[in-house]
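The values are calculated or read from the model by the stated rules, or taken from the named source; none is laboratory data. In this text the structure is predicted, and so the values were computed from the model without any measurement. All Cβ positions, even for glycine, are placed from backbone atoms using ideal geometry, and neighbour counts span all protein chains on display. SASA here: full protein model, heavy atoms, side chains in, ligands and nucleic acids out. Shrake-Rupley method; radii C 1.70, N 1.55, O 1.52, S 1.80 Å.
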Amino acid sequence: MTSQAQTTRVPQADRTRAMRARLLEATVELLVERGFAGTSTTLVSERAGVSRGAQLHHFPTKNDLVVAAVEHLTELRGAELADAVAQLPTGKRRTRAVVEMLGDHFASPVFTAALELWVAARTDAALLAAVSPLEQRVGRETHRLTVTALGADESRPGVRELVQATLDLVRGLGLAATITDDSARRRRILREWADVLDKELAGTPR
């Protein structure tokens with residue numbers, strides 16, 4: 001007679017996906033906390049609660065693990081940004097909400113982890129080969145979302161440059177936030193920039 005309390009077996013494919021997800025999430029956490037140099041496969045397996053053997057089976061080297069984490073980060077950053085855009089208010093203060101949302105995104109732990117990979121990739125050819133195309137993809141998607149969120153018309157001269165300047169500004173402020181809590185200064189700068197954007201985007205074509 002089969003017991004009704006019999007444990008339901010989780011399919012191997014689902015267990016594998018869950019294990020990989022824990023490893024990648026642990027890698028991102030450690031990149032934020034300890035940086036690229038301080039992130040090791042041993043620490044990742046410990047943080048993820050995965051045996052060393054299982055971790056090595058999926059990711060034999062640190063670079064294998066980090067390259068997979070780059071792809072994971074790309075998905076995280078895209079989803080996080082798209083969700084933030086979807087929650088933006090409409091109306092008079094839309095532009096300010098957009099730039100503040102971008103400022104928060106580029107000051108988030110996900111951006112900090114990505115920044116660690118950028119720095120490491122500068123002197124690691126294999127890592128650069130993985131990071132570069134994914135960053136280009138993130139850059140294009142972030143630009144597209146920003147244009148949509150602002151309602152910007154890039155057929156007008158100078159508008160594309162304004163969008164690019166906005167993204168350069170929030171990246172720079174995000175970089176500053178990795179050194180110290182710069183949130184008050186960031187808010188002041190972004191409020192002023194939002195006013196500039198409102199005037200420029202509402203202006204007549206040049």
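Side notes on the structure shown:
- Long-range neighbours under 7 Å by Cβ, at least six apart or interchain, first residue touching a residue at least 12 places away in the same chain (Cβ under 8 Å) within region 75-95, second polar (S, T, N, Q): Leu81/Thr142
- Scanning region 130-158 for residues that are of a type in the set (A, V, I, L, M, F, W, C) and not in a helix (DSSP H, G or I) yields a single hit, Ala152.
Here is a yes/no grid of residues against (1) touching a strand residue (DSSP E or B) at 6+ places or on another chain (Cβ under 6 Å); (2) at pLDDT 90 or above; (3) open to solvent by less than 60 Å² (accessible area, probe 1.4 Å):
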| position | (1), (2), (3) |
| --- | --- |
| Ser3 | no, no, no |
| Arg9 | no, no, no |
| Val32 | no, no, yes |
| Gly38 | no, yes, yes |
| Leu43 | no, yes, yes |
| Leu56 | no, no, no |
| Glu80 | no, no, no |
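- Set Pro133, Pro157: member being exposed (fewer than 15 other Cβ atoms within 10 Å of the Cβ) and more than 25 Å from Leu190 (Cβ to Cβ): Pro133
- Any hit, region 166-181, residues being in a helix (DSSP H, G or I), modelled with pLDDT of 90 or more, under 20 Å from Ala84 (Cα atoms) and more than 19 Å from the chain's Cα centre (by Cα): no
- Failed item, numbered, when Ala121 is tested on (1) in contact (Cβ under 8 Å) with a residue 12 or more places away in the chain; (2) buried (at least 16 other Cβ atoms within 10 Å of the Cβ); (3) closer than 30 Å to Asp64 by Cβ: (1)
- Which numbered condition Leu115 fails, given (1) in contact (Cβ under 8 Å) with a residue 12 or more places away in the chain; (2) farther than 30 Å from Thr90 by Cβ; (3) open to solvent by less than 20 Å² (accessible area, probe 1.4 Å): (3)
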